Amino acid sequence: MVDTQPETVRCLILGGGPAGYTAGIYAARAGLQPVLYTGPQPGGQLMLTTDVENFPGYPEGVQGPTMMEDLRKQAERMGCQIRMGTATQVDFSGPPHRVIIDGRHTIVADVVIIATGASPRKLNVPGEEELNGRGVSYCAVCDGFFFRGETVAVVGGGDSACEEALYLSNICKEVHMLVRRDQMRASKIMQDRVKKKSNIIIHWNVLVDAILGKDEVEAVRVRHRHSGTLEELPVKAVFIAIGHIPNTEIFRGWLDMDEQGYILTKDCSTRTNIPGVFAAGDVQDKIYRQAVTAAASGCMAALDAERYLQAVEAAQTPEPAS
Ligand code: NDP
């Protein structure tokens with residue numbers, strides 16, 4: 001049941017990844033007294049990664065979860081209120097805009113910054129849903145430990161799949177990497193690292209047909225694209241790393257999106273089609289999708305929100321009599 005007493009805030013930020021926390025730092029420093037809801041996965045996708053080697057300022061690299069903890073603390077120290085909770089419904093007919101958190105708490109906000117990120121894409125094959133958490137995983141760092149010394153599979157040919165395969169190759173006996181084309185999308189450096197590992201076996205031109213097992217994963221069945229033949233690889237786990245889909249379902253009907261559901265922003269800014277609603281990070285970026293670009297667009301969203309509020313307030317202030 002939605003509570004009767006809505007809470008009024010100036011700046012509401014949805015999402016606790018690099019975009020959300022950076023927006024929080026900038027909005028707090030601008031005096032917007034931001035309230036940030038972390039969503040279902042505080043810290044975002046970086047909580048699922050190990051070494052981040054490409055975020056500027058960390059010459060030795062940094063662990064993803066450590067960086068997110070530091071960002072959270074920094075946002076909090078600047079005065080951003082950070083709360084657990086997930087937006088479940090929105091009404092952007094304002095401004096002000098209304099957002100319902102966890103189905104019950106209504107926030108009325110002058111500006112909303114959406115930084116809800118993206119979630120792992122599913123394969124949608126038999127066995128994936130049934131064996132999720134019992135050998136099917138979307139995060140090697142979270143679940144790899146349970147399969148140490150075993151033979152496992154990684155699906156995908158992007159940087160994420162390479163990262164997962166490399167991580168698993170250090171703790172598992174063998175890693176079957178299942179790539180659907182005759183080449184990988186991953187950066188050359190990641191591909192080279194994967195190819196150098198003697199216990200990573202790359203299978204080219206294979207599609208996952210099914211994940212097999214009764215109570216836990218026992219094998220993955222692949223279809224060879226050119227011959228059409230099926231092959232079963234005995235594995236204890238299947239790690240799926242085939243990209244992401246933006247978390248924008250609740251904004252459908254309000255915000256302009258592309259065909260994949262990424263929020264469209266205007267003129268190289270973070271402005272959406274609704275005044276007072278801004279989008280930052282992976283929720284609006286299907287090209288770069290880096291921690292550093294997400295953080296940068298969080299900064300842009302806070303600056304855009306601040307300027308928008310200044311313009312609204314200036315328009316409401318009566319001209320002094322001459
Ligand atoms: P990508 O979109 O880059 O790659 C997805 C991969 O999954 C592709 O190889 C794609 O194949 C494959 N794929 C998609 N659907 C299926 C399917 N149904 N069955 C089998 N394979 C499938 O996603 P990532 O998550 O890897 O990377 C996202 C972004 O994050 C990229 O920009 C990447 O560079 C970055 N990143 C950087 C890292 C780093 O620098 N350390 C680490 C991780 C990510 P196909 O190529 O045929 O479409």
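The values are calculated or read from the model by the stated rules, or taken from the named source; none is laboratory data. In this text the structure is predicted, and so the values were computed from the model without any measurement. Counting neighbours? That spans all protein chains shown, and the Cβs are built from the backbone with ideal geometry, glycine included.
On the given criteria, is T106 closer than 21 Å to I250 by Cβ and in contact with a Pro (Cβ under 7 Å, 6 or more places away or on another chain)?
Working: closer than 21 Å to I250 by Cβ: yes; in contact with a Pro (Cβ under 7 Å, 6 or more places away or on another chain): yes.
When the stated conditions are applied, T106 passes them.
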- What number of residues within segment 52-83 satisfy the criterion of being in contact with an Asp or Glu (Cβ under 9 Å, 6 or more places away or on another chain) and either surrounded by 15 or more Cβ atoms within 10 Å (Cβ to Cβ) or at pLDDT 95 or above (or both)? 4
- Task: Would you check which residues across segment 1-26 are more than 21 Å from the chain's Cα centre (by Cα) and of a type outside the set (K, R) and list them?
- Result: M1, V2, D3, T4, Q5, P6, E7, T8, V9, C11
- Scan segment 267-284 for residues that are touching a Pro at 6+ places or on another chain (Cβ under 9 Å) and not polar (S, T, N, Q) and jot them down. I274, P275, G276, V277, G281, D282, V283
- Query: Which one of these does Q89 not meet: (1) in contact (Cβ under 8 Å) with a residue 40 or more places away in the chain; (2) closer than 30 Å to F146 by Cβ?
  - Reply: (2)
- Note on the structure: Checked segment 104-150 for anything touching a His at 6+ places or on another chain (Cβ under 9 Å) and among the basic types (K, R); matches are R121
- Could you please find all residues in segment 124-176 being among the acidic types (D, E) and in a loop (DSSP other than H, G, I, E, B)? E128, E129, E130, E150
- If you check T22 against the conditions, is it of a type in the set (S, T, Y) and either within 16 Å of the ligand (Cβ to nearest atom) or free of Cβ contacts under 8 Å to residues at least 40 places away in the same chain (or both)? no
- Message: Going residue by residue through segment 149-161, is there one that turns out to be away from the ligand (no atom under 15 Å from the Cβ), surrounded by fewer than 15 Cβ atoms within 10 Å (Cβ to Cβ) and either in contact (Cβ under 8 Å) with a residue 12 or more places away in the chain or small (G, A, S) (or both)?
- Response: yes
- Item | Filter result (in contact (Cβ under 8 Å) with a residue 60 or more places away in the chain and either part of a loop (DSSP other than H, G, I, E, B) or over 16 Å from the mean Cα position of the chain (by Cα) (or both)) within segment 51-75 | N54, F55, P56
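For segment 177-209, what are the residues that are assigned to a loop (DSSP other than H, G, I, E, B) and within 9 Å of the ligand (Cβ to nearest atom)?
Restricting attention to segment 177-209, the residues satisfying the condition of being assigned to a loop (DSSP other than H, G, I, E, B) are 179-187, 197-199, 204-205.
Once the filter is applied, which keeps residues that are assigned to a loop (DSSP other than H, G, I, E, B) and within 9 Å of the ligand (Cβ to nearest atom), segment 177-209 yields V179, R180, R181, Q183, M184, R185, A186, S187.
Kindly state which strands (runs of 3 or more DSSP E) lie completely within segment 211-317 and contain at least 2 residues that are more than 16 Å from the ligand (Cβ to nearest atom). Show your work before the answer.
Values: elements: 219-224, 230-234, 237-240, 244-246, 277-279.
Those strands (runs of 3 or more DSSP E) span 230-234, 277-279.
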